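See structure below.
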Amino acid sequence: MFSFLTSPKKEKLPPLHCDIHSHLLAGIDDGAPNWENSLELIHALTKLGFKKIITTPHIKHDTYRNDAQGILSKLQELRKILDEHKIDIEIEAAAEYYLDEVIYDQLIAKGPFLTFGKNYLLIETNFLSEPYQLKDFIFHAATQGYQVVLAHPERYAYMNMSKAEDLKNRGVLFQLNSISLCEYYSKSIQKLAHQLIDKGWINFLGSDCHNLQQAEALGVSMDLKYYHKALALPLLNNAL
Ligand SMILES: [Fe+2]
């Protein structure tokens, strides 16, 4: 009875204009395999309201041996193709660094790293267990002026709210995958995503878009109550 008095209203908030995590550069990781698919994904993201995309190919020593030079030259290629097709979208590139010994050593050797915005450094980790270098990496990155952004904290099997709190206290920023909200990965990942939003610990939303199926799931997620709850947080996407 009178449920309209108590049920939370979906706030009308402006859409996110900038996506900060995707795999759209053709043929260099497990995202778009060619430029045609890359354009399809960009078209799907623009239809969802994005005006700017910071795409972030994987850099992972044992599978995707990308480097800054290779990524930036692919970015130039994409910009040219977008111009030729008269597609109006602002596009930049950084990287999603997989934390392993190679990346740790690269940090100790003082980089360089591809970052975005205010020296934001996007990292991901092993999905099952916390890397032993994680806390040292965070410390050394901070002393070098990087702001570490952990990609999709909700997806790691080792993550829980007390680990998340510890990482927040160490200055780590969190980027949630929006598609975690529509149970794209699993029920338990969705649950952790909800808890992180409830705590207000999310700093960025990202599509982590690799393919059209994920672009579609993003559209579904953007209609959910928790997506709107996340949009009400002081997200840093809006300052980029
Ligand atoms: Fe990713």
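The values are calculated or read from the model by the stated rules, or taken from the named source; none is laboratory data. Keep in mind it's a predicted model, so treat the numbers as computed, not measured. We place every Cβ from the backbone using ideal geometry, glycine too, and count neighbours over all the protein chains shown.
So for the range 93-103 (the condition being over 19 Å from the mean Cα position of the chain (by Cα) and part of a loop (DSSP other than H, G, I, E, B)), does at least one residue qualify?
So the first thing to find is which residues in the range 93-103 are over 19 Å from the mean Cα position of the chain (by Cα), and the list is 101-102.
Remaining after also requiring part of a loop (DSSP other than H, G, I, E, B): none.
No, because not a single residue in the range 93-103 is over 19 Å from the mean Cα position of the chain (by Cα) and part of a loop (DSSP other than H, G, I, E, B).
Hey, among the residues in the range 2-30 that are buried (at least 16 other Cβ atoms within 10 Å of the Cβ), closer than 26 Å to residue 239 by Cα and of a type outside the set (Val, Ile, Thr), which one's modelled with the lowest pLDDT? This residue is 16. Only one of the numbered conditions (1) at negative phi; (2) modelled with pLDDT of 95 or more is not met by residue 145, and that is (1).
Note down all Cβ pairs under 6 Å where the first residue falls in the range 165-194 and is over 17 Å from residue 233 (Cβ atoms), the second is of a type in the set (A, V, I, L, M) and in a helix (DSSP H, G or I), and they're at least six residues apart or on different chains. Note: pairs meeting the criteria are 170/138; 171/142; 179/217; 179/218; 182/217; 182/220; 184/217. Please verify whether residue 28 is within 14 Å of the ligand (Cβ to nearest atom) and part of a strand (DSSP E or B), treating the condition exactly as stated. The answer is no for residue 28. Taken over the range 186-220, the criterion of being within 16 Å of the ligand (Cβ to nearest atom) and in contact with a Lys or Arg (Cβ under 6 Å, 6 or more places away or on another chain) is satisfied by 189 alone. Only one entry in 86, 80 is part of a loop (DSSP other than H, G, I, E, B) and either modelled with pLDDT under 95 or more than 22 Å from residue 207 (Cα to Cα) (or both), namely 86. When the strands (runs of 3 or more DSSP E) confined to the range 122-240 are screened for residues that are more than 30 Å from residue 36 (Cα to Cα), those reaching at least 1 such residues are found at 147-151, 173-177. Filtered by the rule that a residue be away from the ligand (no atom under 16 Å from the Cβ) and either modelled with pLDDT of 95 or more or within 17 Å of residue 214 (Cβ to Cβ) (or both), the range 52-66 gives a lone residue, 52. Of all residues in the range 31-49, exactly one satisfies the criterion of being farther than 16 Å from residue 96 by Cβ, assigned to a loop (DSSP other than H, G, I, E, B) and within 16 Å of the ligand (Cβ to nearest atom), namely 33. Has the range 95-114 got any residue that is surrounded by 18 or more Cβ atoms within 10 Å (Cβ to Cβ), within 16 Å of the ligand (Cβ to nearest atom) and touching a residue at least 60 places away in the same chain (Cβ under 8 Å)? Looking for residues that are surrounded by 18 or more Cβ atoms within 10 Å (Cβ to Cβ), within 16 Å of the ligand (Cβ to nearest atom) and touching a residue at least 60 places away in the same chain (Cβ under 8 Å), one finds at least one in the range 95-114, hence yes. If the condition is being out of contact with any Pro (no Cβ under 7 Å at 6 or more places or on another chain) and β-branched (Val, Ile, Thr), then the range 106-125 contributes 108, 115, 123.
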